[in-house]
Amino acid sequence: MKKTTRRRTTAALTAGLALGAVLAMPGAAQAASCDRGEVCAYSARDRGGSIVMDESGDWSGSVKALSISNNGSVQAGFDHIRYQAYVDYHDGSVTPVTGCLHVPQPGQGGTWANLPYDTILYKATWGGECRSDEPSIKIGHRVWS
C-alpha cells in the first residue's frame, strides 16, 4: 500500500472513531420520547434532555423540570393536563406556575409548555377541556414563605 493511501485510510479511520465517540456521548443523544397516553416532564426546554417524569395517570411528587408535555390520547373528560409547579428563588420566595395543555391532534406529537428556570413541578392531573382562562402557562406573583 502506498504511503498516501495509508495516510488517507488512517485519517478516515481516526475521523470515524472520533465521530462515533461524539455520537456515543450521553449529551449528544436525542431527547427521550414520551409514550402516547402519557404526560412527561423534561430536564431541558422544548422537550429536550432526559425525561424526569412520565405518567399515564394523575401524578404528584417533586421534580425539577424545564418543559412539560401532554402526549395523551383523545378521551373525553380525561385528555387535557392541568399542572402545578413553582419557581424556587432559593431565598425563601417562590412564584406559582400553573397551566393546562390540550390533547395533541391525531398524528401529531404532544403539546407542551416551556417552564421558567428553577421550576419544581409537583402535580399533573388529567381532566376535561381547558377553559378559556387557563393558558398553557400562567406565572403568578412572587411570594415569600
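What follows draws every value from the coordinates through simple rules; no lab data is involved. This one's a predicted model, so the numbers in the text were calculated from it and none came from an experiment. A quick note on method: Cβ atoms are made from the backbone with ideal geometry, for glycine too, and the neighbour counts reach across all protein chains shown.
Under 5 Å between amide hydrogens, built in the peptide plane, is the criterion, and for L115 it picks out S67, I68 among residues at least 5 positions away or on other chains.
Each peptide among 114-120, 72-78 gets the average number of other Cβ atoms lying within 10 Å of its residues, and from highest to lowest they stand as 114-120, 72-78.
Given R₀ = 22 Å, what would the calculated FRET efficiency be for A76 paired with E134, taking r from the Cβ atoms and rounding to 0.05? Plugging the Cβ-Cβ distance into 1/(1 + (r/R0)^6) gives 0.80.
Starting from the Kirkwood Rh over alpha-carbon pairs, what translational D in µm² s⁻¹ does the stretch 31-144 have by Stokes-Einstein at 25 °C and 0.890 mPa s? Diffusion coefficient, whole number: 177 µm²/s. Database remark: amide H of V52 closer than 5 angstrom to the amide H of A41, Y42, S43 (H placed geometrically; neighbours at sequence offset of 5 or more, or on other chains; Pro and chain starts carry no H).
Here the Karplus relation 6.51 cos²θ - 1.76 cosθ + 1.60, evaluated at θ = phi - 60°, turns the backbone of the stretch 79-88 into coupling constants of 10, 10, 10, 10, 10, 10, 7, 8, 8, 9 Hz, with x for every Gly and Pro.
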